[in-house]
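S.K.: The structure under discussion is supplied below as structure tokens; questions concerning it will follow.
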Amino acid sequence: MRVWRVGLRPFIAFFGYAVISLIIVSLLVEFGAFVLLSAYHWAWPDTQDNFADTSPAYDGYPWTSEFWKEEKSRWKSQHGSYEPFRIWGVAPWHSKYINTDESPNGTLRRTANPVGCEKQPGIDVWMFGGSTLYGTGVPDWATLPSFVSRDLNSAGLGCMEVTNFGAEGYVTNQEVMLLIEQLKTGRRPGIVVFYDGVNDSFAGAISPGVPSAHMSLATIKARVEGSLAGRIDFLRTSSALQLAMTAVNSLRRSNAAEPGAEETRSRAAATLDNYEANLHIVRILGEAYGFRVFCFWQPAFVYGHKPLDPFEVRIAGNEATKGTFHILTIVYQHAERRAQTDGEFMFLGNIFDSVKEPVYIDKWMHLSPLGNQFVARSVAEYVEGSLKAQNEHSKPYADVASR
């Protein structure tokens, strides 16, 4: 027994030495990768996923610095919350500028509605969309729903309480399910607004290129199926892996060909087919549950004739995303034609054609407070005009579902 123990000691010592050496080498590699990755992003800042806080669209706002500290902290600490069938939802968060409150309707981004409006007779307006509707990159008071509430409530139509059902990364497939979930609880809106475009285009025509899918399909699929890729997914936060992926993606961009023109057009058409099918379902629900439906296709710097600010030119000309923007442009061309021929939704792709000020803050087409104000004005004017026309020629406002 003593001989066996003596013989085992060198093995244990060697194994311990190997483990410690491996840990030290891994830490050195991780630190080296962190330094190289930081230097790469410093030399080529446009390669970062998000550099919205440097946008000149925030110049002149005294709250900018404090707000972006909160927003970046939210990005780092939040990963959404699991929701059955919709995969993820909005996680609770509370700070000075950004608040997602838990309510009977779920966890929702706070909207700046008129004080006391919820206690007065009026119309409930539910708005659905992705991160641009949720309000990524702006304070609570500067989200699109907050500005829509301000404009609608100044139109003399009575009290309009707007609820922001936006969720970062959502496509209309998820939004329709969210609407159905709300209706099943017995709550009834008077007006439902859908605001989409970029996410549906990206998921349907770029990644995964399947209109019926959600964003991050490959990652979530791997996790659910328990594949090797899913099990080691936690390594994505490693600087070493991020550096390796940056190198691989650079090679792919230079060597990999984009989808052919015919395939791109086919994906764009399928994306719009899926989008309009979702809107058709929503309109049927509106007829059954007594609410009006308004749908808008959001603007993007890949389309239209906006005089781009130098910062916006820098985003739009990013070599890393040139192929993605080209495909998005094709989808937007299809969307504008569908809007004109089918009349199922309003196309807002040209809304900034005469706006010289910067309104886009990043490559995901998120808007600044000024950009949201422009869009909100168009949305509110269209809804207001439709309600007034309805009042003059058919039913009074009271026939639109109210609280």
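Rule-based calculations on the coordinates, nothing more; no lab input. Quick caveat: nothing in here was measured; it's all calculated off a predicted structure. Using ideal geometry, Cβ is built from the backbone for each residue, glycine included, and neighbour counts are taken over all protein chains shown.
S.K.: Starting from the amide H of ASN99, placed 1.01 Å from N in the peptide plane, find each other amide H under 5 Å away whose residue is 5 or more places distant or on another chain.
M.R.: ARG110, ASP140
S.K.: How far apart, in nanometres, would the label points at LYS356 and ARG223 be if each is projected 7 angstrom from Cα along the Cα-to-Cβ direction?
M.R.: Between LYS356 and ARG223, the simple spin-label model gives 4.6 nm.
S.K.: Separate question: Just add up the charged neighbours of ALA335: K/R +1, D/E -1, any other residue whose Cβ is under 11 Å from the Cβ of ALA335.
M.R.: On the way: positive: ARG337, ARG338; negative: ASP196, ASP200, GLU276, GLU336, ASP342, GLU344.
Result for the local shell: -4.
S.K.: Tell me, what are the semi-axes, in whole angstrom and largest first, of the equivalent ellipsoid of region 45-399 as set by the roots of 5 times the Cα gyration tensor eigenvalues? Write down the numbers at each step before the final one.
M.R.: On the way: eigenvalues 206, 104, 98 Å².
Computed over region 45-399, the values are 32, 23, 22 Å.
S.K.: Please go through the residue pairs LYS72/LYS322; LYS221/LYS363; LYS221/LYS306 and name each one whose alpha carbons sit more than 30 Å apart in this structure.
M.R.: Numbers: LYS72/LYS322 26 Å; LYS221/LYS363 25 Å; LYS221/LYS306 38 Å.
Flagged as over cut-off: LYS221/LYS306.
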